[in-house]
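Beneath this line is the structure, given in structure tokens, with notes to follow.
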Amino acid sequence: MLLLLWVPRLTWAQAALSDKYRQRAESLYGEGKYEKAIIWYEKAFGLVQHSDPVRAANLCVDLSSMDYMKNHTRKATDRCLLGLRYINPLKTAPDSVRFKLFSSLGTYYIALYRNDSALYYFHKANALLAQNPRIEAQIALYVLYHFNNQGSWFFKMGNYTRSLSYLAKSRELAIKYNLSEEISYIESNLAGCYSAMGVVKEALAHRLLANKFYRKRDIRKCGNLSGIGWALYGLKRYSEAISYFDQSERLIFELRLGKKTTDYLSDQIHLWRMMSNCYRAVNQLSTSDHFIDQATRLHYQYIGNQGSLLAQVLLEKGKLYEARNEPERALRSYQAAIRAVCRDTTGLTNNWRNPSAETASDEATLLLAATHKAAALKKQYDATHKNTYLNASVDTYRYCVRLQQRIRHGIDTDQSQVIFSDRQHALVPDAIAATFEAYQHQPGTALREALFQLFEQAQASSLREAFLLNTIKPQTIPGPMLEREQRLKKRISELKKRSVSDTAASTELTACQLQWHQLMETFRQDYPAYYRLNYQDVAMSSRALQQQLGHQAAYIAYVRRGASLFILVVTDGAIDVIRQPIDAARFDEQLVKLSQELYHDPVLGRYNGTAYAAGLYAACIEPIRKQLAGKTRLVISRDWSFNFLPFEVLETGRQSRDYLTRHVAIAYAFSAQSFFDVHQRSASTNPVLVMAPFARAEALESTVNRQGTAQTLASSEAEARSIGGDVLIGPEANLPNFLQTSFDRPVIYFATHAKTDDADPANSYIAFYPGETDKLYTDDIYNLSLSSTGLAVLGACETGSGQIRKGEGILSLARAFAYAGCPSVVTTLWKANDETTSFLTIRLHHYLEEGMSTDRALQQARLDFFESPIFPKYDHPYYWANYTLLGNYDPVMPDGDQSMAVWWLLLVVGIGLLVFWQRKRLVRTLREKEQVA
């Protein structure tokens, strides 16, 4: 009995002593005496490892942190897995301990390049935090690092906006709990994110702020200094960059004195890599070689032959070899970089082999290394004309494009997708150039199909991703989950409109964004069908495209690369790819001069764009005139660099004002698949919807241009009345009414104002009554569900213009409607003239009602304008060429014959019911008479 009483007291005493040892370890850690701290953590753990599972699990976290700091990541991971085994059987284990274990495992699996495992444990930690918000106050510093570690990881994966959301949360926690020393760490990661996004000036500002906040001369200070140097390198301020690198090197030398060779070695190697970059940029190749050789040798000697850091070092080494004109050594270095980020390196000693993406430990670095390898192989072919180099280059480029798509599937937001496209914009044009070269030497269906698929990848990849998700989500995710997603997206959109000085709104915005990202992670992890379909690329084949094209149609896609314009032409009978040489400077001048003529109000002045329009016709259409013989409709996918160009104004030059629109109907596509792969839907039988918030009954005598958000649009009421259907005019045409109406319409017309913000596309909007407060912003449009709408006609100003992003094209309001699921959008490229836009819209609707396809209806409306009495007054493309069709050209109005058949059927059924009722009544009357008799 005495023994039994003594055992709990002994356990309590051991726990108290363990806590005392742990406090001692924490104190030593704070003083930077890490080795001594480890000894006391081990003593504390030894006292409770068999008697107190909660304390033992908590100490597993502490010890794992020390292992991780010493680059013993596998050991750190095993410690935390042991901690989970301690507390998993317990029903009452504190959530805070469980959270620390989950979060730490997420961080360690990043370092072990086990991304799926990292996402799994971070997701569990996030879910636990959502279930028990008190964890934040209990262990604020751990929670701060939890978000900070995720933020620093996501931007390396291309998930920039997700990274910014997590870093914003960690900064919020630092301020809330007075953890000011941590702000420098957060600012450094923000700098890293902005640097990855290509916003180098913003990155430098955050680096300088981090350096200001942090004054200790330790390894973090070293990182701040080298980070400033790297930002200055990105701005090409090389001498300043070298100065900061030198400061960082002197400090790291001090820190490593008296330490083990491996202490801070990764930081030293990372610094030498950056210094090599900088010295190579100023052509001091021997100095560059000195630093990168040291970095390579020490990594192999003390860290090993695997890892992202080594891959980055070897990439720099390859670039240095190229600068020295040593292509074969560069190739070997790039291949070694590829091996460094692959778990299975079987067969990769061969310079031509590419690994399975499934084996990649760091997909972003693998993509970078493989892209450099592909380019180096192409250079070797150009120098030697050996087909083995060319074939290997083509294979590697195609591998890179597939890998690029795989990375894209893991990126959450459209904004991050667009940035990713911008950063990777050169890959597909380079791949097309190499593949076309091979196709010229070895013509065949395989390479031709490869070229077609590359053209499909060239433009608006973020939209293709959105179209894919909009298709698979309803098939794989439960309705309530999708409704929650929509609520979060709408709330995020509302909060983004608040002032940045509204701290409560900013806090809620960050919280909603985190919830949304976590919901997306739930989709991936808890719904295998969603994950599988998301990563399963289903591409349209060239043969399938040919089957979609009628005899009169042709599909044309353009990709520009330097002084070459690559053109793909697909008709029902042939597929051709050509390379048209262009004078790049002259081509650019023609684009600029023509756009100046088109995009600026001539105030009824003379048109001076004919020569430029004829020059662009000669470059873009004349080379394929043979393939277009007999074609009366064109579907055109434009290169992002001239996405703003309406081909309708191009002139043949054979006679005055011989515009292309006089010969063919034109529709524009993001890709063949997005254009033709529209889910089959019967035309809506609901009335069309017309929104005219700034109309008035009488038309003004003079033309009113749609420029002010509250300006009356003189012709819009007549336009709305002429079109008919459900017409909302003036005060009725407000935003709540629009959002509450059904979008299941053949056509929705917007006769209103709009504003495009080229600096920030999210600030672009369509105005509703009264104009100052009722605005439908880009994010609001993204959140609409317009898959049941046949056509949106945006008669407002500049709805097809906006910021131009490399690899994506124009980030316009029209693009937002496409993103929301609308298969066809008629849009304006520049400021709309009220009178001419009204004329074109009325004629467009007339031909749509007759059952015409949308492209032919728009072309015919334009031809009517050329023959109208007002044309002499407006004989300038500014007044008619800004109205273009983006998307599918199929008819959108109900088929008249089908409607008539429905009415006849209803009539027959009605007559039948009347006859049945009369017969029944007659029988009842006869029976009543018989009974009376």
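The values are calculated or read from the model by the stated rules, or taken from the named source; none is laboratory data. What you see is a predicted model; the values in this text were computed from it and never measured. All Cβ positions, even for glycine, are placed from backbone atoms using ideal geometry, and neighbour counts span all protein chains on display.
Filtering segment 253-307 to residues that are in a loop (DSSP other than H, G, I, E, B) and small (Gly, Ala, Ser) leaves Gly258, Gly304, Gly307. Against the test of being crowded, with 17+ Cβ neighbours inside 10 Å, in contact (Cβ under 8 Å) with a residue 60 or more places away in the chain and out of contact with any strand residue (DSSP E or B) (no Cβ under 7 Å at 6 or more places or on another chain), the options Phe675, Phe642 yield a single qualifying residue, Phe642.
Taken as a whole, the structure places Gly227 among residues that are touching a Lys or Arg at 6+ places or on another chain (Cβ under 9 Å), in contact (Cβ under 8 Å) with a residue 12 or more places away in the chain, part of a helix (DSSP H, G or I) and small (Gly, Ala, Ser). Kindly establish whether Leu81 is surrounded by fewer than 17 Cβ atoms within 10 Å (Cβ to Cβ), aliphatic (A, V, I, L, M), closer than 26 Å to Ser188 by Cα and touching a residue at least 24 places away in the same chain (Cβ under 8 Å). No.
Just one of the listed residues (Ala511, Ala529, Ala539) is among the aliphatic types (A, V, I, L, M) and within 19 Å of Gln415 (Cβ to Cβ), and it is Ala511. Filter segment 50-70 for residues that are surrounded by fewer than 17 Cβ atoms within 10 Å (Cβ to Cβ) and either at pLDDT 95 or above or not in a helix (DSSP H, G or I) (or both) and give the result. Across segment 50-70, the qualifying residues are His50, Ser51, Lys70.
Table: residues versus (1) at pLDDT 95 or above; (2) over 24 Å from Gln268 (Cβ atoms); (3) in contact with a helix residue (DSSP H, G or I) (Cβ under 8 Å, 6 or more places away or on another chain).
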{"site": "Ala295", "(1), (2), (3)": "yes, no, yes"}
{"site": "Tyr302", "(1), (2), (3)": "no, no, yes"}
{"site": "Lys317", "(1), (2), (3)": "yes, no, yes"}
{"site": "Ser333", "(1), (2), (3)": "yes, no, yes"}
{"site": "Asp344", "(1), (2), (3)": "no, yes, yes"}
{"site": "Gly347", "(1), (2), (3)": "no, yes, no"}
{"site": "Thr359", "(1), (2), (3)": "no, yes, no"}
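Residue-level analysis places Ala754 outside the set of residues that are under 23 Å from Tyr599 (Cα atoms), loosely packed, with under 15 Cβ neighbours inside 10 Å and modelled with pLDDT under 90.
Filtered by the rule that a residue be within 22 Å of Arg815 (Cβ to Cβ) and assigned to a loop (DSSP other than H, G, I, E, B), segment 718-743 gives a lone residue, Phe743. Checking each residue in segment 88-100 for being at pLDDT 95 or above and of a type in the set (A, V, I, L, M, F, W, C) picks out Val97, Phe99. Return yes when Tyr121 is touching a residue at least 40 places away in the same chain (Cβ under 8 Å) and of a type in the set (Phe, Trp, Tyr) and no when it is not. Criteria not met by Tyr121.
Residue pairs whose Cβ atoms lie under 6 Å apart, sitting 6 or more positions apart in sequence or on different chains, and linking a residue in segment 378-400 that is touching a residue at least 24 places away in the same chain (Cβ under 8 Å) to a partner that is surrounded by fewer than 19 Cβ atoms within 10 Å (Cβ to Cβ) and acidic (Asp, Glu), do not occur here.
In segment 354-387, what count of residues is obtained for those that are part of a loop (DSSP other than H, G, I, E, B), surrounded by fewer than 17 Cβ atoms within 10 Å (Cβ to Cβ) and touching an Asp or Glu at 6+ places or on another chain (Cβ under 9 Å)? Number of matching residues: 1. Is it the case, given these coordinates, that Gly615 is assigned to a loop (DSSP other than H, G, I, E, B), among the small types (Gly, Ala, Ser) and outside the structural domain of Arg815 (by TED's automatic domain parsing)? Here the answer is no, as Gly615 does not meet what is asked. Within segment 618-639, the residues that satisfy the criterion of being free of Cβ contacts under 8 Å to residues at least 60 places away in the same chain and outside any loop (DSSP other than H, G, I, E, B) are Ala618, Ala619, Glu622, Pro623.
Among the residues of segment 427-454, the one identified as closer than 21 Å to Gly198 by Cα and out of contact with any strand residue (DSSP E or B) (no Cβ under 8 Å at 6 or more places or on another chain) is Leu427. When the residues of segment 862-888 are filtered to those that are within 30 Å of Phe670 (Cβ to Cβ) and in a loop (DSSP other than H, G, I, E, B), the one that is farthest from the chain's Cα centre (by Cα) is His876.
Annotation note: Cβ proximity below 8 Å between a residue of segment 233-256 that is touching a residue at least 24 places away in the same chain (Cβ under 8 Å) and surrounded by fewer than 17 Cβ atoms within 10 Å (Cβ to Cβ) and a residue that is of a type in the set (Lys, Arg) and in a helix (DSSP H, G or I) (sequence gap 6+ or interchain) occurs for Leu235/Lys201. Please go through segment 14-49 and pick out each residue that is basic (Lys, Arg) and surrounded by fewer than 21 Cβ atoms within 10 Å (Cβ to Cβ). If the condition is that a residue be basic (Lys, Arg) and surrounded by fewer than 21 Cβ atoms within 10 Å (Cβ to Cβ), then Lys20, Arg24, Lys33, Lys36, Lys43 are the ones that fit.
Looking only at residues of segment 435-456 that are among the small types (Gly, Ala, Ser) and within 15 Å of Met540 (Cα to Cα), we find that the one that is surrounded by the most Cβ atoms within 10 Å (Cβ to Cβ) is Ala450. For segment 687-698, a residue qualifies if it is surrounded by 19 or more Cβ atoms within 10 Å (Cβ to Cβ), part of a loop (DSSP other than H, G, I, E, B) and modelled with pLDDT under 90, and the qualifying residues are Pro693, Phe694, Ala695.
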